[in-house]
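Below: one structure, written as C-alpha cells.
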Amino acid sequence: TCSPMYSAYMGEHVEFTEFMASDSAAKELLNYAKNRLQKFYNARMHKAAPKRELGRDERIMSGVGGEDLVSAAPAPGGIANTGISEFVQLSGDVAPPPPPETFGAYEKKSQETTGVVAMMDLLIKELDKEMQEAKVEEDTAQKEFEQMLVDSKAKKAQDMKTLTEKKSAHAAAEAQLESDSEEKTGKQNDLKATKEYIASLHDDCDWLLSNYDTRKEARTSEIDALGKAKDVLNGASYEA
C-alpha cells in the first residue's frame, strides 16, 4: 500500500544509499592515495596490489609465456583502482619525477608525508563517523517504519473487526425492522377489523334507538293481545 509515510521512507532510504555510496567511494579514494604515498615514503606500510590471473591474450602480449600469476594490479575500472586520473603518474614502480633544479635534488620528505597521511586518516575517520551516524539514523528509520507497518496492520485488523461487527449489527437491525414491520402490519389489520366491528355495533345501536318507540308500542300491543287471549281461554267474553 502506497502511503505518504512509505514514500517518505523510500525517499530517505534512497538518499541514504546514495550518501553511503558517495562516502564509501571517497574513503576508498583516500585509502588508495594514502597507500600510494606509503609506497614511496614509508614502504613498510605499503600494501601491495593483489595478484591476478592474466588472460591468454594478455600473456601473449606481455610475453609472460606459461606463467599464470603475475604481480599486477587489477585492470582500471573505478575510483579505488589505478584508473584514477589524479594518480596515473604513480602507477607502477616508477618514483615521482624530481622537482625542478632550482629546488635541488628530489628527497623523500617523510615528515611532511606523515602530516599528509595523518590528514587523510582524519578525513577517513570523519567519513567513518558520518557513515556510522547515517547507518544509525537509517536503522532507526527502518525500525520506526517497521513498527509503523506493525501498527498499521494491527489497526487494519481492528478496523476489519469493527466493520464486521457493525455489519453484523446492521444485519440484525434490518432483520428486527422486518419483523417489527410484519408485526405492525398484523396489528394494523387487527385494528381495522376492530374498528369495522365497532362501526357495525354503532349501526345496530342507532337502529334500536331510532325504532325504540315503535317497538315499545308494538310490544305493548302484543302484551295486551296476549292478555286478552288468555282471558278468552279462561272463558271471558269481549263481545259487545
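Out of 21, 49, 25, one residue alone is modelled with pLDDT under 75 and open to solvent by less than 70 Å² (accessible area, probe 1.4 Å). It is 49. Annotation: residue 235 fulfils all but one of (1) open to solvent by less than 100 Å² (accessible area, probe 1.4 Å); (2) at pLDDT below 90; (3) part of a helix (DSSP H, G or I); the unmet one is (3).
What residue, of 144, 126, is open to solvent by 80 Å² or more (accessible area, probe 1.4 Å), assigned to a helix (DSSP H, G or I), out of contact with any strand residue (DSSP E or B) (no Cβ under 9 Å at 6 or more places or on another chain) and more than 30 Å from residue 33 (Cα to Cα)? Matching residue, one of 144, 126: 144.
Consider residue 155 carefully, then state whether it is modelled with pLDDT of 90 or more and farther than 30 Å from residue 18 by Cα. If you could, list the steps in order and put the result at the bottom.
Details: modelled with pLDDT of 90 or more: yes; farther than 30 Å from residue 18 by Cα: yes.
Against the criterion (modelled with pLDDT of 90 or more and farther than 30 Å from residue 18 by Cα), residue 155 qualifies.
Residues to consider are 59, 36, 44; find the one that is open to solvent by 70 Å² or more (accessible area, probe 1.4 Å), in a helix (DSSP H, G or I), basic (Lys, Arg) and at pLDDT below 85. Working first, answer last.
Working: 59 fails: open to solvent by 70 Å² or more (accessible area, probe 1.4 Å); 36 fails: open to solvent by 70 Å² or more (accessible area, probe 1.4 Å).
Just one listed residue meets the conditions, 44.
Being at pLDDT below 85, open to solvent by 60 Å² or more (accessible area, probe 1.4 Å) and among the hydroxyl-bearing types (Ser, Thr, Tyr) holds for only one residue in 102, 113, 82, and it is 102.
The values are calculated or read from the model by the stated rules, or taken from the named source; none is laboratory data. Just so we're clear, the structure is a prediction, and the values are computed from it rather than from any experiment. All Cβ positions, even for glycine, are placed from backbone atoms using ideal geometry, and neighbour counts span all protein chains on display. To get the accessible areas, we keep the full protein, side chains included, count just its heavy atoms, and leave off ligands, DNA and RNA. Shrake-Rupley method; radii C 1.70, N 1.55, O 1.52, S 1.80 Å.
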